[in-house]
């Protein structure tokens, strides 16, 4: 039991060590808040509440201000995301070419909703986004950084099945 | 350090020397579209094949190399749908839809046998004509690519190539030979207007900022291209980042600023990477730094990644975001020219606008005015997408007609299966969520800032989404309203609450729950939001609604009074039907129907009572023969 609680403490220290390095890099400058949060999110894949509080104290601003910025921008996640983040484009070109059906199919297949968009096994997060800027390939979805163009609901299912298969092995 | 006037020439000489032994250059498009279709694999396969044939392949041009074949990656060439694209120079042969497996044949046939791989050439679907080079393809032949000229040809990660093709000469001229006043005057004389949406004269904006007395001024390059359906800024930043950077430097000279921020949308990781590299390379050569071209003036640049908020395309919101705040707009005046970033005079220009600047300084305002119209000189890049045969990025002079764009360059309108259908044209949505619709009667109008505004739309950033007759215009209005409602920052009430209510009204119409009064309420509300909102996002949010109401009122009315969606796209209004041909009379559907709306004899086609049907879809799921439609 002791070892597990020591591990937890060490984990905490390790966490903040990385944050400290990021803060140092930006010279604790409050106007660098967005790049700081971006880098912190790259480390943890989301913004844990205690980390945001720590950042606020270090920058000498209120936690409310940090939370306000973090919750304003779509790219900051306040909840942990899955290993595979699927962006489904809802831009105009994708919309007129039927991205809505792909979105519905993904939500149904992975049994997630717009509010609870991560699967319980933390494998997938489905996130509709406004435009990925690859309109020539509409409809488009991305899995992490990989872009898939001219997707159909069936093709999307194949992509998901392949990932599930890969993860099981 | 590039302090002496000869250094750009020296770099050019070095580059030209390095290119000399090269017999062929193979350009592989590495824009986002082509990469998604596997162009990087094609690149690797081509390199392997070049070497397998005993030729030397070079990827990075070094001086005095012994290479024969130069393999380079380019930015987006615009014809995304036909990607991956591979061009072989100096012949200019363009291969489309290339796969890694084609590499051996390409190398053998083109480089060794000096012939062409016929099956990979583009065939014009309209005339069946085989096109050997880019210039022969109607999609390209009808365009005038000035801004996009080098984009898709040069290696965006090689600053020396940009310089060898005349890059940074304009910046040098602006810093070493011109006064700030002169730079502003040249741009004013060219008539260049802001490409971000508003169309404000760029030279005038610069002159206003130059007048301000301040110890510090800033240039901001707005690369937060949030407009769904537009991707020209992305292509420029990915395909020719140095051109954008040079434009930023000239803007800095014009207003006497020594620092710039490039704000790039977070969804564009490749653009962020390329612009960052461009800045670092320019800094390493001393093009950016404490003493720009020996002028004694300093200039430097920082690339900032956005965090995902459409409203940050609005200039005051964008500045708030750079300052580390929530990206909320503030009332104007004071304008950014008077009080911008950290209260200092700031000029904010769009990526595409800045990319035009070096060309104007190099070739002169008169040259720029040679194409385009009196009020809107030059060319404009449009993102042509939707139900059109050739999708991609195109550039045409201002004043070109929509007919030319959609039918000549775009190759015509397609039906839902992707086949060209000459009668399928319904509308073009221009300018994204702030814009409006253009219809049949506008096909021959000249596209420029002022004409489009008069029709009740706006050029905006240049997204052109073509829609066929199976598109429901109420749904389109709803789509944009949902977008702006989502992106409304919540600061001012007309936008925050107004967009929400408009969205609800549109939903009621789509679900057949609207009444005769709904349209009047919608119209009144739209006008109120237009007048009462604080920033451009709210002021223009009702445009898609007003524009569709204006041209497609009959579609709204059909939804409301006849409970019918003319395009057959609104699910709630679809008429449930069982196809007599497909139905085998198994009775499964009737058993599943919770309200007893389906009747029929066994082994006979069944029927649905549309009045009883609650459109739950249980019957369609139960049917093994796909005979049920419209539920």
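Nothing in this text is a laboratory measurement; each read-out follows from the coordinates by a stated rule. All values reported here derive from a predicted model rather than from experimental measurement. As a convention, Cβ positions derive from the backbone with ideal geometry for all residues, glycine included, and neighbour counts pool all protein chains shown.
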Please work out the Kirkwood hydrodynamic radius for segment B:350-432, using every pair of different C-alpha atoms, and report it in angstroms with one decimal place. 14.3
Multiply the residue separation of residue B:204 and residue B:105 by 0.36 nm, subtract the distance between their alpha-carbon atoms, and state the gained length in nm to one decimal. 30.2 nm
Can you tell me what percent of all Cα-Cα pairs in segment B:255-395 are more than 19 Å apart? 65
Calculate the length of the line joining the C-alpha centroid of segment B:100-118 to that of segment A:111-144, in whole Å. 39
Over all directions, average the projected area of the Cα convex hull of segment A:1-145 and note it in nm². 10.7
Taking a spot 7 Å from the Cα of residue B:97 along the direction of its beta carbon, which residues of segment A:137-168 have an amide N less than 16 Å from it? A:137-138, A:149-151
For residue A:115 and residue A:26, FRET efficiency with R0 = 35 Å and r from the beta-carbon atoms, rounded to 0.05? 0.60
Taking the Cα atoms of chain B, what is the range of coordinates along each of the three principal axes, in descending order and whole Å? 92, 66, 41
If you build the convex hull over the alpha carbons only and average its shadow over all orientations, what do you get for segment B:520-631? Give it in nm² to one decimal. 9.2
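Relative to the compact-globule scaling 2.2 N^0.38 Å, provide the ratio for the alpha-carbon radius of gyration of segment B:33-131.
Its radius of gyration relative to the 2.2 N^0.38 Å reference: 1.09.
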Rounding to the nearest 10 and keeping the result within 0 to 90°, find how far the Cα-based axis of helix A:99-110 lies from the longest principal axis of chain A. 70
Report the percentage of all Cα-Cα pairs in segment B:199-277 whose separation exceeds 17 Å, rounded to a whole percent. 49
In what order do A:154, B:395 fall by count of nearby beta-carbon atoms within 10 Å, going from fewest to most? A:154, B:395
Over all directions, the average projected area of the alpha-carbon convex hull for segment B:112-163 comes to how many nm²? 5.6
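Relative to the compact-globule scaling 2.2 N^0.38 Å, provide the ratio for the alpha-carbon radius of gyration of the protein assembly as shown.
1.00
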Average the reciprocal distances over every distinct pair of alpha-carbons in segment A:64-149, invert the result, and give the Kirkwood radius in Å. 13.5
If the label point is 7 Å along Cα→Cβ of residue B:401, which residues in segment B:436-461 have backbone nitrogen under 15 Å from it? B:439-448
When the expected Rg is taken as 2.2 N^0.38 Å, what fraction or multiple of it is the alpha-carbon Rg of segment B:234-292? 1.11
Working from the alpha-carbon coordinates of segment B:148-282, get Rg over Rh, Rh being the Kirkwood radius. 0.96
Find how much the distance from residue B:165 to residue B:601 grows on full extension, using 0.36 nm per residue of separation minus their present alpha carbon separation; answer in nm with one decimal. 149.2 nm
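Take B:611, B:227, B:450 and order them by how many other Cβ atoms sit within 10 Å, fewest up front.
Going from sparsest to densest Cβ surroundings: B:611, B:450, B:227.
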Residues of segment B:503-524 with amide nitrogen under 16 Å from the 7 Å Cα-to-Cβ point of residue B:557? B:515-521, B:523
Two-site label geometry, residue B:133 and residue B:68: point separation in nm, points 7 Å out along Cα→Cβ: 2.4
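If the viscosity is 1.567 mPa s and the temperature 4 °C, what Stokes-Einstein diffusion coefficient in µm²/s follows for segment B:410-502 when Rh is the Kirkwood radius over Cα pairs?
On the way: Rh = 14.6 Å.
Estimated via Stokes-Einstein, D reaches 89 µm²/s.
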Going fewest to most other Cβ atoms within 10 Å around each Cβ, B:178, B:232 line up as B:178, B:232
For the pair residue B:113 and residue B:609, how long in nm is the line joining their label points, each one 7 Å along Cα→Cβ? 7.1
Rg over Rh, two decimals, segment A:26-82 (C-alpha only, Kirkwood Rh): 0.92
To the nearest Å, what is the center-to-center distance of segment B:497-522 and segment A:53-110, using C-alpha atoms only? 28
For segment B:584-624, the Cα gyration tensor yields equivalent-ellipsoid semi-axes (√(5λ), largest first, whole Å) of 16, 11, 7
Given labels modelled 7 Å from the Cα in the Cβ direction, how far is it in nm from residue B:44 to residue B:496? 5.1
Provide the FRET efficiency to the nearest 0.05 for the residue A:64-residue A:16 pair, computing r from the beta carbons and using R0 = 25 Å. 0.75
Suppose the chain between residue A:167 and residue A:146 were pulled fully straight at 0.36 nm per residue; how much longer would it get relative to their current alpha carbon spacing? 5.9 nm
